[in-house]
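Chemist: Take this structure first; my questions come after.
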Amino acid sequence: MTGEFGGALPAAVEEGVGGFRTTIENTTERGGVNYGEFIEEVRTFMDRARAACPTTELNDDILSRLRAINDLLKGVTIDEWYAPSGTRTDLPARGNIMLPPYTFLDQGADGVVATLRFRRFHLGGNSAVHGGYVGLAVDEVMGLAAGLARGITRTAYLTINYRSVTPLDTDLELKAWVDRTEGRKTFLRATLSDGDRVCADAEALFILLNPGQR
Ligand SMILES: CCCCCCCCCCCC(=O)SCCNC(=O)CCNC(=O)[C@H](O)C(C)(C)COP(=O)(O)OP(=O)(O)OC[C@H]1O[C@@H](n2cnc3c(N)ncnc32)[C@H](O)[C@@H]1OP(=O)(O)O
């Protein structure tokens with residue numbers, strides 16, 4: 001792999017546990033007690049960056065500050081298995097800044113119910129959520145439902161039907177449940193709803209990874 005973060009995967013493969021580990025150490029402490037506020041501030045930054053039209057002077061001012069902040073973060077970069085973003089299960093969306101912040105209302109081996117909120121950062125056009133971000137949220141929550149039912153899986157296919165416009169800045173409900181299983185295959189279904197109105201529904205196949213499988 002190349003790039004600034006390219007070292008993480010080979011190290012994991014060397015340990016013989018594959019690139020997608022069968023056990024992931026969940027954390028609630030890495031990054032410190034205010035890490036959730038940091039992630040939320042980053043999300044707010046992304047929302048405002050999407051919405052802003054800065055003057056040249058303001059742009060340049062923010063640019064120099066951002067470069068300084070990025071230098072600070074570069075100094076504390078670690079691999080994906082230990083980074084708090086993605087493993088802080090006490091935070092909305094595991095502290096993953098790309099996902100719409102979601103929290104579980106219910107979760108078990110049969111399925112999960114989550115509440116989530118897309119925001120300006122997720123804008124597609126004309127006040128609607130970008131369909132790709134709907135897919136991101138659905139894949140994530142279906143993946144977690146598959147994980148609770150079976151273990152670590154990967155998405156083999158995901159079909160999404162966009163039934164009506166998904167609104168920004170609105171509390172939505174995302175349900176994902178196991179439809180049936182066949183060997184390593186878990187077939188799931190999901191719905192994304194704004195109250196009684198279905199925004200999208202989906203069906204997917206997740207494959208249980210073999211030991212050591214990337
Ligand atoms: C706190 C942290 C939490 C962490 C929790 C994190 C949650 C986030 C979840 C995000 C999940 C993702 O986005 S994962 C990333 C997106 N997905 C990927 O990158 C997957 C790329 N594809 C692959 O790696 C591979 O194709 C696999 C793993 C999906 C399957 O490969 P394989 O393991 O070799 O298995 P294979 O023999 O091919 O298939 C097994 C069976 O499934 C069937 N099968 C396979 N693919 C398909 C298909 N597309 N459509 C129909 N059927 C299929 C085969 O025919 C076979 O059936 P039969 O002959 O047995 O009947």
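The values are calculated or read from the model by the stated rules, or taken from the named source; none is laboratory data. These figures come from a predicted structure and were not determined experimentally. Backbone-built Cβ (ideal geometry, glycine too); neighbour counts: all protein chains shown. Only protein heavy atoms, including side chains, enter the accessible area calculation; ligands, DNA and RNA are left aside. Shrake-Rupley method; radii C 1.70, N 1.55, O 1.52, S 1.80 Å.
Chemist: How big is the equivalent ellipsoid of the stretch 30-107 along its three axes, where each semi-axis is √(5λ) from the Cα gyration tensor, reported in whole Å from largest to smallest? Present the calculation step by step, with values, prior to reporting the outcome.
Modeler: Numbers: eigenvalues 142, 60, 15 Å².
Semi-axes, largest first: 27, 17, 9 Å.
Chemist: On to the next question. Find, to one decimal place in angstroms, the Kirkwood hydrodynamic radius of the chain, where the mean of 1/r is taken over every pair of different Cα atoms and then inverted.
Modeler: It works out to 18.9 Å.
Chemist: For the chain, set up a GNM with springs between Cα atoms under 10 Å and report which of Leu123, Leu72, Leu192 has the largest fluctuation.
Modeler: Leu72
Chemist: Could you tell me what percent of the accessible area of the chain is made up of carbon and sulfur, with a 1.4 Å probe and every protein chain present?
Modeler: 52 percent
Chemist: Diagonalise the Cα gyration tensor of the stretch 73-153 and give the resulting equivalent ellipsoid semi-axes, square root of 5 times each eigenvalue, largest first, whole Å.
Modeler: Taking √(5λ) for each Cα gyration eigenvalue gives 21, 21, 11 Å.
Chemist: Another one. Which percent of Cα-Cα pairs in the stretch 99-208 sits in each 10 Å bin, short to long?
Modeler: For the stretch 99-208, the pair-distance distribution reads 16, 50, 27, 6, 0.
Chemist: Compute the signed sum of charges (Lys and Arg +1, Asp and Glu -1) over the other residues within less than 13 Å, Cβ to Cβ, of Asp110.
Modeler: Working: positive: Arg150, Lys175, Arg180, Arg189; negative: Asp106, Asp179.
Once all neighbours under 13 Å are counted, the net charge is +2.
Chemist: What accessible area per residue, rounded to a whole number of Å², is obtained for the stretch 99-208 using a probe radius of 1.4 Å?
Modeler: On a per-residue basis, 46 Å².
Chemist: Once fully extended, how much extra length lies between Glu182 and Arg67, figured as 0.36 nm per residue of separation less the alpha-carbon to alpha-carbon distance? Provide the component values of the computation, followed by the final result.
Modeler: Numbers: separation 115, 0.36 × 115 = 41.40 nm, distance 5.01 nm.
Extending this stretch completely gives an extra 36.4 nm.
Chemist: Something else about it: In the chain, which helices (entire DSSP H runs) extend 18 Å or more along their own long axis, judged by Cα positions, while averaging at least -0.5 on the Kyte-Doolittle scale?
Modeler: 56-74, 131-150
Chemist: Would you mind calculating the gained length between Val42 and Met98 on full extension (0.36 nm times residue separation, minus the Cα-Cα distance), in nm to one decimal?
Modeler: 19.2 nm
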